[in-house]
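The values are calculated or read from the model by the stated rules, or taken from the named source; none is laboratory data. Computed from a prediction, not measured in an experiment: that's the story for all the values here. Here the Cβ positions follow ideal geometry from the backbone for every residue, glycine too, while neighbour counts run over all protein chains shown. Just so you know, the surface numbers come from the protein's heavy atoms only, side chains and all, with ligands and any DNA or RNA stripped out. Shrake-Rupley method; radii C 1.70, N 1.55, O 1.52, S 1.80 Å.
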Amino acid sequence: MKFIGLALVVLFLTACQPKKKSEYAKISGFAQGTTYHITYENSTNKDYSEAIDSLLKAFDKSCSIYDSTSIISRINDNDPNVEADDWFVDVFNKSAEVDAASGGAFDITVGPVVKAWGFGSGPIAKHDTAYIDSLLQYVGMEKVKLEGRKVIKKYPGVKLDVNALAQGYSVDVVCDFFKSKGIKNYLVEIGGEVRGKGTNAKDNFWHVGIDKPSDGNMSPGNELQAIIEINDKALATSGNYRAFYIENGVKYAHTIDPKTGFPARNTLLSTTVVCNDCITADAYATTFMVLGIDKSKELLKKMDGIEVYFVYSDQQGNYQVFFSDGMKKMIVEEK
């Protein structure tokens, strides 16, 4: 899952460069239960704010579990007449792809367990071991399949939750819109997931800040871990330092391990992924948080086109970082 607090901060360069002839427009709003901020080169002086807002509202009608009338909500409610649209099909297929590649670490059928832990669209139910174990019968990508436009569930109790990649995909949806309009320079950020193409108004590539994953760092941009430069790439970050609660002295974070039904417990504090599209970056950022540092490194050896920046704690509780060779070239500054 992704939460509003888990935001990346977009940093616009202030270097003294000749300004482009065309102006850049900035728009913002609310979608996917979070905020969005978009900047694009506006050489034709057209206002796309209403079009993008309508596009994101339509996307919510497909993949938002917070909208009771959305396609995914109707699937979860076992509506016999609901059919998937193109957006939902893309999200489902990407979910199945990442689930298979990760050995089941990424699983959109984890919805009932997420809700039981109080991280879903409803109130906290209960999360004692016996209850969580009873919900695991509904968890597993083998319990759901897509036949044409119909989602077939093995049990009515199977509930889908695509929050771990829907925000990322909504970024791609907006980028596809800009492509259709011939816009070549833009930065799209939705709920902290980012994709940038071309350059900013100062003719520099886009810079994105990664927040330091400390529990007290509740304000995006207040304390940065690193600054990354992206060029026609997408970037997503996942972590457990904002979306959590403490009960009876125990910290419970929002990243759920589908195999156990409990919050993932490992030394990873945050995972940042850079690749070509944001739906993939978003999905793997969550996947790595579930796998932990060692298993994530092993998975990376089998993958192409994925660059990462991990922050984790060592045995003494000190922050450590790991980044891929490709990511090293993108790091502008480390704090």
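Accessible surface comparison of Lys184, Lys297, probe 1.4 Å, protein chains only, largest first: the order is Lys184, Lys297. Per-residue 3J(HN,Hα) values for the stretch 260-265, derived from phi via the Karplus relation 6.51 cos²θ - 1.76 cosθ + 1.60 with θ = phi - 60°, read 9, x, 10, x, 4, 10 Hz in sequence order (x marks Gly and Pro). Coupling constants for the stretch 29-34 follow from the phi torsions by the Karplus curve (6.51 cos²θ - 1.76 cosθ + 1.60, θ = phi - 60°), and in residue order they are x, 10, 6, 6, x, 8 Hz; glycine and proline get x. Straightening the chain between Ser22 and Asp86 buys 19.6 nm, computed as 0.36 nm per residue apart minus the Cα-Cα spacing.
What does the net charge come to around Thr44 if you take all other residues with beta carbon closer than 11 Å to its beta carbon, with K and R at +1 and D and E at -1? Kindly include the intermediate steps, with their values, before the conclusion.
Working: positive: Lys46, Lys181; negative: Glu23, Glu41, Asp47.
The answer is -1.
With the charge dipole of the stretch 142-194 set up from +1 on Lys and Arg Cβ and -1 on Asp and Glu Cβ about the Cα centre, the Cα lying farthest toward the positive end among the listed residues Ile190, Asn163, Cys175 is that of Asn163. If you sort Glu307, Glu193 by accessible surface, 1.4 Å probe, largest first, the order is Glu307, Glu193. Accessible surface for Glu41 stands near 40 Å², nearest 10, in the context of the full protein assembly shown (1.4 Å probe).
Note on surface exposure: Arg265, Arg149 rank Arg265, Arg149 by accessible area, highest first, 1.4 Å probe.
Kindly identify the stretch 260-335 as rounded, prolate or oblate by the Cα gyration tensor criterion: order the square roots of the eigenvalues as a ≥ b ≥ c, call it rounded if a/c is under 1.5, otherwise compare a/b with b/c, prolate if a/b is larger, else oblate.
Details: a/c = 1.83, a/b = 1.15, b/c = 1.59.
Oblate is the answer for the stretch 260-335, as a/c is 1.5 or above yet b/c matches or exceeds a/b.
Rolling a 1.4 Å probe over the protein heavy atoms leaves Ser22 with an accessible area of roughly 20 Å².
Filter the cross-link list Lys179/Lys302; Lys233/Lys329; Lys197/Lys295; Lys61/Lys150 down to pairs whose alpha-carbon distance in this structure exceeds 22 Å.
Numbers: Lys179/Lys302 31 Å; Lys233/Lys329 13 Å; Lys197/Lys295 31 Å; Lys61/Lys150 16 Å.
Correct reply: Lys179/Lys302; Lys197/Lys295.
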